[in-house]
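One structure is given below, encoded as structure tokens.
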Amino acid sequence: MTLTFLIHQSKAFWRSKNTGKSVVMRVVMAILILYLLLNVLVVAFFLDRILKKTNPGQDILYSFNSYILYYFLMDLLLRFQMQELPTLSVKPYLHLRIKKNQLINYLSLTSLWTTFNLTPILLSLPLLIKVVLPEHGLAQFWSLLVSIIGLTLSNHFFSLWIKRKVNLNAMWMLIFFGTLILFVSLDFYFKLFSISALSAGLFNFILKNPLYCLIFLLLALVVYILNYRYLKSNLYLEELHTADTSHKSSTEIPYLNRFGKAGDLVANELKLILRNKRPRSVITMSLMFMFYGLIFYTNPTFSGYSGIVFCGMFMTGIFIINYGQFMFSWQSAHFDGILVSKVSAMDFFRSKFLLFTFFSSICFLLTIPYVYFGWKVLIVHFIMFIWNLGVNTLLVLYFANQNYRRIDLSKGATFNWEGVGASQWILSIPLLLAPFVIYYPLNLLGYPEAGLALIAVIGLIFMISREFWLNKLVKRFQEKRYLIAEGFRNK
Amino acid sequence: MIGISNLKKKYNGVTVVNIPELIIKRGETVGLVGNNGAGKTTLFRMMLDLIRPDSGEVLSDEKNVAESEAWKDYTASYLDEGFLIDYLTPEEYFHFIGGLHNKSKVQVDSELPAFSEFFNGEILKKGKYIRDLSKGNQTKVGVAACMIQNPQILMLDEPFANIDPSTQIRLKNMVKDISREKHITTIISSHDLNHVTEVCERILLMEKGKIIKDIATNSNTLQELEQYFSVLS
């Protein structure tokens, strides 16, 4: 049966309408993952030396053992953020003569195929072979390996279970993070106990009594059964769907009324952003980007303007870039409705500018505290804010006219490549390079301030001439709209 | 009101729509029937400028729909859920649509009670987003949104398909009333021959993209259509 499911899934993949594109995406992803794994391997290979450097005078294996539990705590946190729930669309199978546990086993089995499960083994294996095998022997080698595999599997199924719980009830997220924070603060802040000492003690004990490693396999089994039971009792359509049945109220955003129809459209789009999972996570990501400057500005080797230009562009323009690159796919589900309704293309585009301005201004306001690093930071941020509103908005909307991919709003954004295509990659080139093409030549000649001024002037020119470019965009939109609408109808 | 000439659309070499000429007069109630794949939805989409025809044109009030946007002012349509903004509540959606036609919220709210029978207490003040409604209820939202626009042309693609019998009857009466009282041009497609022959004065029968019959409805029409479809099967 599992085989049949696998065949169905591969058919679903190959026969989907965007197959060609998604194959390319998968290849790119695969290369990225391979590269990451290669990095892991390099680290793993030199792990003994690294440990010697970081913990001088300590037995390598002891330091290794003391880090294991930390690693798996981090791992859990990362998994919680990024691991995808396996999604065989079970809907067409539920009413057939297929036992539920076949479905669940399939879901559990396929979910194992993730880099999260590969890294701990890859990371520890070279050290185990280099250090444990010659010094302690085969039994000890296996006992540590089995422990690590057991912990990996426990983490794997635990994160699946907790994620499903969180999907149904956000309280679980609070409980989960609360417990994690409690543990970490008990360790680092209150120094009540030490996870590293616990970890070292635990695994040194295992080294002495290798058979006890089976405890971790048992733990993995228990968590698997927990996850299994949970799935089994919840494998119903409505529950796999969202259980979000709370009362939805109609919200008003009064201030926007004064912008006429474009304002109404922005009000709608704000609702789109707030009420759907994927755009919401774009907003969260954008907010996280507000800390981007801390990485650069606290680094004393990073002087000069170019870093600020870069950071400033990203921080004030992150919404334009992150949200704008998928325009108009956000509205793919009701694009036909927009085309036949009494919304003129001009108002449609105006609303996008309004939205960009609104969010960029918020971002700019949020980055004002960076003035702590000097006035020039604030000034450059402002210049990049103008650049974003003048140039990047136009750029993003120009590319929006050639984006024909549908997006499902209800899915999360991490590692979600739906709607990603060539246009996003091509878009990123001028987006990243343009300000530097202007700034660098003047910087090299010794006039960095002139470079900044030029960026500001160009940004202003485009802002002032926006109406002209708007007309061009609308014209192009009128030609392309059939293609866009057709693309959006392909689910 | 609507004029079609030499309208053609092909997909992968198969002609889906091929209509040399069709004129729909102001105030006519037209029913579009035909088996699946006859080209009804494609025709609708071309009339609404959602698909670019390979050749020919659709004129609405003498103006080509692909060139002028004036038709949007007086045309209301509901083909499928793709026309609804599904993350809004029905009320928000009605307000938005009303707003596009310069109706204030208060105005829209004052019109909504007229639909209370049609909605059967399942749409308004339920605290649900449109995406959480059943397909039938989504159809109701779409149809009501059309009515709010006070259109001169109304296009509905299989409006009877997902709704319950009582609502089907209410919808029929609603369409008959508005076309009689306000002289609205209505185009409805349906697989339910009883309903179309009852509502529509004129029936267009499509097969493989062509209009093969154009009948003014009379007492024999239903029989004639039933005969055509039973011969086919």
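The values are calculated or read from the model by the stated rules, or taken from the named source; none is laboratory data. Remember, predicted model here, so these are calculated numbers, not experimental data. With ideal geometry, Cβ positions are generated from the backbone for all residues, glycine too; neighbour counts draw on all protein chains shown. What goes into the accessible areas is simple: the full protein's heavy atoms, side chains included, and nothing from ligands, DNA or RNA. Shrake-Rupley method; radii C 1.70, N 1.55, O 1.52, S 1.80 Å.
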Problem - Failed criterion for A:L470 (all others in (1) over 23 Å from A:M346 (Cα atoms); (2) surrounded by fewer than 19 Cβ atoms within 10 Å (Cβ to Cβ) hold) - result: (1)
Problem - Pairs, first over 20 Å from A:N322 (Cβ atoms) and at pLDDT 90 or above in segment A:363-388, second in a helix (DSSP H, G or I) and small (G, A, S), C-beta under 7 Å, six or more apart - result: A:V380/A:G312; A:I383/A:A456
Completion exercise
For segment A:28-86 the number of residues that are among the charged types (D, E, K, R), in a helix (DSSP H, G or I) and open to solvent by 80 Å² or more (accessible area, probe 1.4 Å) is 3
Problem - Checking A:K261 against (1) closer than 30 Å to A:M327 by Cβ; (2) at pLDDT below 85; (3) surrounded by fewer than 18 Cβ atoms within 10 Å (Cβ to Cβ); (4) of a type outside the set (D, E), the condition it does not meet - result: (3)
Problem - B:L50 being within 11 Å of chain A (Cβ to nearest Cβ), touching a Leu at 6+ places or on another chain (Cβ under 9 Å), in a loop (DSSP other than H, G, I, E, B) and in contact (Cβ under 8 Å) with a residue 24 or more places away in the chain - result: no
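Per-residue answers, yes or no, for (1) open to solvent by less than 10 Å² (accessible area, probe 1.4 Å); (2) among the aromatic types (F, W, Y); (3) in contact with a strand residue (DSSP E or B) (Cβ under 7 Å, 6 or more places away or on another chain); (4) within 14 Å of another protein chain (Cβ to nearest Cβ):
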position: A:V309; (1), (2), (3), (4): yes, no, no, no
position: A:G312; (1), (2), (3), (4): yes, no, no, no
position: A:G317; (1), (2), (3), (4): yes, no, no, no
position: A:I321; (1), (2), (3), (4): no, no, no, no
position: A:F326; (1), (2), (3), (4): no, yes, no, no
position: A:S332; (1), (2), (3), (4): yes, no, no, yes
position: A:F335; (1), (2), (3), (4): yes, yes, no, yes
position: A:L339; (1), (2), (3), (4): no, no, no, yes
position: A:K342; (1), (2), (3), (4): no, no, no, yes
Problem - Residue under evaluation B:S116, criteria (1) hydroxyl-bearing (S, T, Y); (2) closer than 30 Å to B:S5 by Cα; (3) surrounded by fewer than 22 Cβ atoms within 10 Å (Cβ to Cβ), criterion not met - result: (2)
Fill in the blank from the handout: In the set B:L43, B:L50, the lone residue that is modelled with pLDDT of 90 or more, crowded, with 18+ Cβ neighbours inside 10 Å, closer than 23 Å to A:K342 by Cα and not aromatic (F, W, Y) is B:L43
Practice task
Starting from segment B:16-36, take each residue that is on the phi > 0 side of the Ramachandran plot and list its partners that are outside any strand (DSSP E or B) and β-branched (V, I, T), counting only C-beta distances under 6 angstrom and pairs at least six apart or across chains.
Solution key: none
Practice task
Looking only at segment B:119-146, count how many residues are under 22 Å from the mean Cα position of the chain (by Cα) and crowded, with 19+ Cβ neighbours inside 10 Å.
Solution key: 14
Practice task
Please specify each residue of segment B:75-88 satisfying the condition of being at pLDDT below 90, more than 7 Å from every other protein chain (Cβ to nearest Cβ) and either over 21 Å from B:T167 (Cβ atoms) or in a strand (DSSP E or B) (or both).
Solution key: none
Practice task
Looking only at segment A:383-404, decide whether some residue is open to solvent by less than 40 Å² (accessible area, probe 1.4 Å), small (G, A, S) and part of a helix (DSSP H, G or I).
Solution key: yes
Practice task
Being under 15 Å from A:L73 (Cα atoms) and surrounded by 11 or more Cβ atoms within 10 Å (Cβ to Cβ) is the filter here, so list the residues in segment A:183-201 that pass it.
Solution key: A:F183, A:V184, A:S185, A:L186, A:D187, A:S194, A:I195, A:S196, A:A197, A:L198, A:S199, A:A200
Exercise for the section: Residue by residue through segment A:165-199, note down the ones that are part of a helix (DSSP H, G or I) and more than 27 Å from A:S66 (Cβ to Cβ). Expected result: A:K165, A:V166, A:N167, A:L168, A:M171, A:W172, A:M173, A:L174, A:I175
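The rows are residues; the columns are (1) of a type in the set (K, R); (2) without any contact (Cβ under 8 Å) to a residue 24 or more places away in the chain; (3) more than 11 Å from chain A (Cβ to nearest Cβ); (4) touching an Asp or Glu at 6+ places or on another chain (Cβ under 6 Å).
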position: B:P90; (1), (2), (3), (4): no, no, no, no
position: B:H95; (1), (2), (3), (4): no, yes, no, no
position: B:G98; (1), (2), (3), (4): no, no, no, no
position: B:H101; (1), (2), (3), (4): no, no, no, no
position: B:V108; (1), (2), (3), (4): no, no, yes, no
position: B:E117; (1), (2), (3), (4): no, no, yes, no
position: B:E122; (1), (2), (3), (4): no, yes, yes, no
position: B:R131; (1), (2), (3), (4): yes, no, no, yes
position: B:K135; (1), (2), (3), (4): yes, no, yes, no
Completion exercise
Only one of (1) under 21 Å from B:A76 (Cα atoms); (2) open to solvent by less than 20 Å² (accessible area, probe 1.4 Å) does not apply to B:L225, and that is (1)
Exercise for the section: Pull up segment A:202-244, narrow it to residues that are open to solvent by 50 Å² or more (accessible area, probe 1.4 Å), within 17 Å of A:K100 (Cβ to Cβ) and hydroxyl-bearing (S, T, Y), then point me to the one that is modelled with the lowest pLDDT. Expected result: A:Y236
Practice task
Only residues that are open to solvent by 70 Å² or more (accessible area, probe 1.4 Å) and at pLDDT below 90: list them for segment B:160-182, please.
Solution key: B:N162, B:R180, B:E181, B:K182
Problem - Residues (touching a helix residue (DSSP H, G or I) at 6+ places or on another chain (Cβ under 7 Å) and either over 19 Å from B:I184 (Cα atoms) or in a loop (DSSP other than H, G, I, E, B) (or both)) located in segment B:104-115 - result: B:K105, B:Q107, B:V108, B:L112
Practice task
For segment A:324-340, indicate whether the set of residues that are outside any helix (DSSP H, G or I) and closer than 22 Å to B:A66 by Cα is non-empty.
Solution key: yes
Exercise for the section: Check off (1) outside any helix (DSSP H, G or I); (2) farther than 30 Å from A:K277 by Cα; (3) modelled with pLDDT under 90; (4) facing another protein chain (nearest Cβ under 9 Å) for B:K72 and give me the number that stays unchecked. Expected result: (1)
